[in-house]
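The values are calculated or read from the model by the stated rules, or taken from the named source; none is laboratory data. These numbers were taken from a predicted model, which means no experiment stands behind them. Note: ideal-geometry Cβ built from the backbone for every residue, glycine included; neighbour counts use all protein chains shown.
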Amino acid sequence: MSSASSLAFPGKALTNLERFLICVTPDVPSLSLQGCCSDPNGQCVPPGKDTVEYFNLKDLWDCYYDWSAYGVGTPMMFENGDTMQYHVPYLSAIQIYSSKAVAAASRLGREDSEGAESDSWSEDSGSDKLSRTLSNNSSKAWDVASLDSNSDQVGSWTARDNELYLQYNETSPYWQRVPFSEKIAELARSHPALMTLKSADISPTSWMAVAW
């Protein structure tokens, strides 16, 4: 009878760490941005490129939905036999940087649905207060940084038009933390663009850390 490990990874001699990383890596649908400035956010495909590959952040969050509820099954190999371990994701930290134009467009969409708001956003997280004021030049188009950007492209993106849209650091002890999807839904209530942004909308310097 075949073991759980051999069924999940046929013909591959992998370590338990490699098995874990394969199982917890999100599989996000890839899309293509075509044409110039045809996107509602005023994005342009960089010169010399016909298309730019991107994914929707919401599709990324959706990958964690079932995992947050049931855990990710990972086949493990031990000396006394194989077993299936389940791991639940928790958001440890996240920083999302976007262009001021995209941040402004995201906020305008929120104002249309919720009414007029102030010209600045603020988030108070204990001793750390982040304040962001929208640029008046919100209609300015900006070049999309591709997913395979090199360090020079990342630097130029950051220097050109970079704004911190969201920063979150989990400080609760692990036994008090809520699963990943629940935390993202909580953050999206105050940062609704989490559900509408594309990877092409955010700086390559954006990142998140997930604990399992």
Let me confirm something: among 200, 188, 193, which residue is hydrophobic (A, V, I, L, M, F, W, C), part of a helix (DSSP H, G or I) and modelled with pLDDT of 95 or more?
188
Within region 85-100, the count of residues that are in contact with a helix residue (DSSP H, G or I) (Cβ under 7 Å, 6 or more places away or on another chain), among the polar types (S, T, N, Q) and not in a strand (DSSP E or B) comes to 0
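A quick yes/no check of all residues on (1) in a helix (DSSP H, G or I); (2) modelled with pLDDT of 60 or more; (3) closer than 25 Å to residue 207 by Cβ; (4) in contact with a Cys (Cβ under 8 Å, 6 or more places away or on another chain):
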site: 2; (1), (2), (3), (4): no, no, no, no
site: 10; (1), (2), (3), (4): no, yes, no, no
site: 19; (1), (2), (3), (4): yes, yes, yes, no
site: 33; (1), (2), (3), (4): no, yes, yes, no
site: 47; (1), (2), (3), (4): no, no, no, no
site: 59; (1), (2), (3), (4): yes, yes, yes, no
site: 74; (1), (2), (3), (4): no, yes, yes, yes
site: 83; (1), (2), (3), (4): no, yes, no, no
Scan region 61-72 for residues that are part of a loop (DSSP other than H, G, I, E, B) and touching a Ser or Thr at 6+ places or on another chain (Cβ under 7 Å) and report the count.
1
Exactly one condition in (1) among the small types (Gly, Ala, Ser); (2) more than 23 Å from the chain's Cα centre (by Cα); (3) at pLDDT 95 or above is not met by residue 127; state its number.
(3)
Could you count how many residues in region 159-185 are of a type in the set (Lys, Arg) and part of a loop (DSSP other than H, G, I, E, B)?
1
Inside region 165-195, can you point out the residues that are surrounded by 17 or more Cβ atoms within 10 Å (Cβ to Cβ) and in contact with a Lys or Arg (Cβ under 7 Å, 6 or more places away or on another chain)?
170
Can you name every residue in region 203-212 that is part of a strand (DSSP E or B) and either over 25 Å from residue 52 (Cα atoms) or of a type in the set (A, V, I, L, M) (or both)?
208, 209, 210, 211
